[in-house]
1. Could you check the simple spin-label distance between HIS46 and ASN60, using points 7 Å along Cα→Cβ, in nm with one decimal?
2. Note down the nm distance, to one decimal, between modelled labels 7 Å out along Cα→Cβ at ASN119 and at THR100.
3. Of the labelled options (1) 58; (2) 15; (3) 29, which one gives percent of Cα pairs over 25 Å apart as computed for this structure?
4. Using θ = phi - 60° and the Karplus form 6.51 cos²θ - 1.76 cosθ + 1.60, what ³J(HN,Hα) does each residue of the range 29-34 get, whole Hz, x for Gly and Pro?
5. For ALA35 and THR71, FRET efficiency with R0 = 35 Å and r from the beta-carbon atoms, rounded to 0.05?
6. On average, how much accessible surface per residue is there in the chain, in Å², for a 1.4 Å probe, leaving out ligands, DNA and RNA?
7. Treating only the Cβ of Lys, Arg, Asp and Glu as charged (+1, +1, -1, -1), what charge dipole size does the chain show about its Cα centre? Round to the nearest 20 debye.
8. Once you keep just the Cα pairs under 8 angstrom separated by 6 or more residues, what percentage relative contact order results for the range 32-113?
Amino acid sequence: MIDLSLISSSFQVKKKSTGFTLIEVMLAMAVFAIAGVALLTTADNHFRNMSHLESKMLANWIASNQLVEATLDNTWPPKNNKKGKVELAGKEWFWLQKVTKTTDKNMRSVVIEVRDSENRTLAISSLMTYLSKRDL
């Protein structure tokens, strides 16, 4: 007689899984999608900050140059609300010179404000110095 247990054991179907289930694949895709969105958001913020820092740096250079010009100018008192525009890095910048009196009649404070648009209310950069009257 033939032992049926030997035959049935050789024909058993093995149910061992070799792949991922649909739920596992969807969960992995969700995790990677969230990570991708976070990475894109971080890159976008980095780009915006770099652009802002570049604008601020260029505006500071322009303000510094205008303060040097005001220092070298021999007219007294310096002109108030003097305006101008400068091209730097392929872009037009607008500056405004504000002069205010100090407690010393021979001294004035000079503030240079730089904007990237003539109609913009807030300055990108603002630098200040003090000028004294020169005896020539």
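The values are calculated or read from the model by the stated rules, or taken from the named source; none is laboratory data. Given the structure is predicted, the values throughout are model-derived calculations rather than measurements. Virtual Cβ from ideal backbone geometry, glycine too; neighbours counted across all protein chains shown. Calculation scope for accessible area: heavy atoms of the full protein, side chains included, ligands and nucleic acids excluded. Shrake-Rupley method; radii C 1.70, N 1.55, O 1.52, S 1.80 Å.
1. Reported label-point gap for HIS46 and ASN60 is 2.2 nm.
2. Label at ASN119, label at THR100, 2.8 nm between them.
3. (1)
4. Running phi through 6.51 cos²θ - 1.76 cosθ + 1.60 with θ = phi - 60° gives 5, 5, 4, 5, 5, 5 Hz.
5. Values: r = 54 Å, r/R0 = 1.53.
Between THR71 and ALA35 the formula returns 0.05.
6. Details: 11100 Å² over 136 residues.
On a per-residue basis, the chain sits at 82 Å².
7. Details: 18 positive and 13 negative charges, 110 e Å.
Rounded to the nearest 20 debye, it is 520 debye.
8. Values: 68 pairs, mean separation 17.4, N = 82.
That works out to 21 percent.
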